[in-house]
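Reading through the C-alpha cells given below for one structure.
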Amino acid sequence: MYGTIRHEIRIARPADVVWALAGDATKLHTWFPGIVECTVEGNMRTIVTATGIPMPEEILVCDDTQRRFQYRITTPIFKHHRGTIDVIDLGDETCLVVYSTEADPRTMAMVIGGGTAAACRELKRQMEASV
Amino acid sequence: MGRKILFITTDQQRYDTLGCNGGTIARTPVIDAVAAQGIRYERAHPQSVVCMPSRSTMLTGQCPSTHGVWMNGVPLSEDAPSVAEVLADAGYRTAIIGKPHFEPFLDAFARFPENGFSRAATFGPHRGFEHFESATHGAAGPLHYARWLAATHPEVVNMFYPVLDSALEVNAMGGGDTGAPQAWKNNIPREWYHTDWVADRTIAWLDSLPIDDDWFCWMSFPDPHHPWDPPASEVGRIDWREVPLPAGYIADASERERVLDAKPRHWRAWYDGRMVSNYEAPLEWKPSTLTADQLREVTALNAVECELIDEAIGRVLAAIASRGWDDDVDIIFTTDHGELGGDFGLMFKGPYHVDGLMRLPLIWRPAASAGSTAATVTRPVGLIDLAPTFCAIAGLPAAPWMEGKALPLDDGDADARGFERVLTEWDSELWGVGVHLRTITRDGWVCSAYLPGTAHDGTEGELYNLADDPLQRENRWADPALAALRGDLLADLWDHQPAMALPLRAVEAPV
C-alpha cells in the first residue's frame, strides 16, 4: 500500500544558499542525521546509515533552476520510493524547504519520513547558524 | 537509608486479568498478595491508551498535550523532564529494565538513543536512568533482549510471531488452534522468553547494588501485549476451550452491531473493516470476523502471559527479600493501557475510551516502614500521578513540572486532596485519517468529546454511567435528560484539559 509523508520548514536564509547544500547530492550525510556516508557515481548514490546498512539510490532530478532534487531508493524492500526536496524562495531572503517521501510499503514512508523531519531541522540549524 | 522503589509495569493489561480485581482466568497470587498488603485502585486511568504517550506520562508526570508525545511514533523530547532524573539527583540508583518505548522502535537511521545502547553494548545512562536495558515483544529490533537472544540462542529467534507483515503493517496473520490474529505457538524455552529475561536482568541489577543504596527500579514487562505467543510449554496451563467469553463480548451479532451503531461512527467503521484509524490495529484484520473460539484462545494465551509475569515478579520479590530490603521497598504495579479483549467484538486498541482500554490495574504496596494500612481507593486517579508518588516515597516535593498528585492512601485522603476527575486524550493522524477526542471520568460517569476529524464533525460524543452500565453499552450522549450533566462534565473537562503544546512534534515512525 502506497503512502506519502511531507515535512516542511522555513529557513531564514536565501533559497540559493540553502540549495547549495540541499541540492548537492554528495553532501546529504552532512545534514541528514543517521546517514554517515554518501558516495555518488553518475546518477547512482549510495548512502550508509548509522546502523551500517548501505542503501543504493538513483538520482532522478537535480534541477538548479527549480531547486528540486528527486531520488529513489532501489533496495528491494521498496516496491516504490521517491524522495523530493524542494527549496522554495519566499522572496524575503528566506525560503521554504519541503522534503516529501512517497513509498510502497507505506510504513517505509513513515520510517524514512521520520529521518527527513530530523534532516529538515538540522538543515535549518546549520543554515541559520552560518549567518 | 530511605525507601526503595520497585516500579513494575506490564503492557496492555486489562484490569480484570488480576485475581485481586475479580479476574478468574489467570492465577496471579503474587500480585494479589501485594494488593492485599497495600492499596488497590479501582478507577485508575491512563492519559493515553497507546504505549509511547502513556509511558511518557509515567516518566514525566505530564499529560500528552504537555509532554508532546501525542501519538505513537512521536519521540519524547530529549530534554523532557524525567522523574528518574529527580530521583537520581537525590542520590537514588536508577534503572529501567524491559520495555521503555519513549522513542520509536522503527529507527532506520539509528537516530534514537534508546535503540543505540544495545548496538554499542552499553546500558545508558539515559533520561535519568543510570542503567537502561531494553526489551520488547519479540526477538526483533535493536534492543538488548533481541541482541542477547541472537547471540546466545540464535536457533529460537524465529520462533516468535512476526509482529509486522511483509508490508510492515501490524500483522493480521492468524495462528494457534483457531486462527486468531496474533495467536501463535512459540517453541522458545520458557527461561529464554522475555518475561523471565526481564526478571533475570532486574535481579542481576539489584544484586549489583550495595545494600545501603536507595534505588528506583522500573521493571517493564513487554507482555501481555500482543502477539499472544507465550512459550508453548506453558500454554497447557489454561485450556482455551474452557475459557468463558468475556463479559464485554456481545455474542449476538445483531445486538453487538446495534450497540456499536449507537457510538460515534468510527467504532462501526473499524468493526466492518471500512476504516483503520491507527497503526496499532492490524490493517488486514476485520473485527467482525472474530469468532467466539478465537476470542477464547486469545483470552487464554493472554492469561498465560499474565501468569508468567506474576511468577517472574515473585522471583524478583524473593531476591529483594534475600537482600534484607523487604521492609524498605515500595512496590507499585500497573500497566500503560488496557486491551479491548473482545469487548464489543473488538480486540487490540485504538480511539475507544471505554473500560477495556482505560481501566487499569494499579496497586501500591508502601514499604512496611511507612506504616500505612491496606485500602481500596475508588476515586479516579491517573498514571499522571505516578511521578509525584515516586517523589513522595523518596521524601521529595513533586517537581513543579509534574501535573499530577501523589496517589491517595485511601478514599478519605483522595477526597481531602481533590481526586475528583481523571482525563484521557487521543490524537492520531495517519494516512489521511485524523481522530481526536478528550475524555473526563468523574462522579461515576465517563464523557468523551470528539473534536473535528476525518470521521467526526465535532458534535459527537460518548457518555456512560459506570454504575448502571459498567460495560458501557448504552451511549447516553444524546439523552436530553442528561444534557445538563453532560454540559457540566464537558465544562469541567475543558477547564482542566491543558492545551496541546505547539508546534506539534513530528511523527517520526509508525511506532
Can you tell me which residue among B:Leu471, B:Leu485 is more than 30 Å from A:Ala117 (Cα to Cα) and either within 23 Å of the chain's Cα centre (by Cα) or surrounded by 20 or more Cβ atoms within 10 Å (Cβ to Cβ) (or both)?
B:Leu471
Given the condition touching a Phe, Trp or Tyr at 6+ places or on another chain (Cβ under 9 Å), more than 14 Å from chain A (Cβ to nearest Cβ), part of a helix (DSSP H, G or I) and surrounded by fewer than 16 Cβ atoms within 10 Å (Cβ to Cβ), answer yes or no: does some residue in the range B:251-261 qualify?
yes
Failed item, numbered, when B:Pro75 is tested on (1) within 14 Å of chain A (Cβ to nearest Cβ); (2) surrounded by fewer than 23 Cβ atoms within 10 Å (Cβ to Cβ); (3) closer than 30 Å to B:Thr439 by Cα
(2)
Being more than 14 Å from chain A (Cβ to nearest Cβ), more than 24 Å from the chain's Cα centre (by Cα) and small (Gly, Ala, Ser) narrows B:Gly174, B:Gly179 down to just B:Gly179
Note on the range A:1-25: residues in a loop (DSSP other than H, G, I, E, B) and at pLDDT 95 or above are A:Ala12, A:Arg13, A:Pro14, A:Gly23, A:Asp24
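Residues are listed down the side, and each one gets a yes or a no for (1) touching an Asp or Glu at 6+ places or on another chain (Cβ under 6 Å); (2) within 18 Å of B:Phe105 (Cβ to Cβ); (3) away from every other protein chain (no Cβ under 14 Å); (4) touching a residue at least 40 places away in the same chain (Cβ under 8 Å):
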| residue | (1), (2), (3), (4) |
| --- | --- |
| A:Gly91 | no, no, yes, no |
| A:Asp104 | no, no, no, yes |
| A:Ala109 | no, yes, no, yes |
| A:Thr116 | no, no, no, yes |
| A:Arg121 | no, no, no, yes |
| A:Lys124 | no, no, no, yes |
| A:Glu128 | no, no, yes, yes |
Are any residues in the range B:195-227 of a type in the set (Gly, Ala, Ser) and buried (at least 22 other Cβ atoms within 10 Å of the Cβ), and if so, which ones?
B:Ala199, B:Ser220
Considering only the range B:188-208, how many residues are more than 17 Å from B:Asp223 (Cβ to Cβ) and in contact (Cβ under 8 Å) with a residue 40 or more places away in the chain?
4
Show me the strands (runs of 3 or more DSSP E) entirely contained within the range B:402-456 in which 2 or more residues are in contact with a strand residue (DSSP E or B) (Cβ under 7 Å, 6 or more places away or on another chain) and more than 29 Å from B:Thr389 (Cβ to Cβ).
B:433-442
Which condition number in (1) at pLDDT 95 or above; (2) more than 18 Å from A:Ala25 (Cα to Cα) is the one that A:Ile53 fails?
(1)
Identify the residue in the range B:107-123 that is facing chain A (nearest Cβ under 7 Å) and over 17 Å from B:Ser77 (Cα atoms) and, among all such residues, is surrounded by the most Cβ atoms within 10 Å (Cβ to Cβ).
B:Phe109
Identify the single condition in (1) over 29 Å from B:Arg268 (Cβ atoms); (2) at pLDDT 95 or above that B:Glu339 does not satisfy, given that it satisfies every other one.
(1)
Qualifying residues in the range B:126-166 (those that are touching a residue at least 12 places away in the same chain (Cβ under 8 Å) and among the acidic types (Asp, Glu)) - the one farthest from B:Asn115 (Cα to Cα):
B:Asp165
Taking the range A:37-56, which residues are assigned to a strand (DSSP E or B) and within 11 Å of chain B (Cβ to nearest Cβ)?
A:Ile47, A:Val48, A:Thr49, A:Met55
Among the residues of the range A:18-36, is any within 14 Å of chain B (Cβ to nearest Cβ), touching a His at 6+ places or on another chain (Cβ under 8 Å) and either surrounded by 15 or more Cβ atoms within 10 Å (Cβ to Cβ) or of a type outside the set (Ser, Thr, Tyr) (or both)?
yes
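The values are calculated or read from the model by the stated rules, or taken from the named source; none is laboratory data. In this text the structure is predicted, and so the values were computed from the model without any measurement. Backbone-built Cβ (ideal geometry, glycine too); neighbour counts: all protein chains shown.
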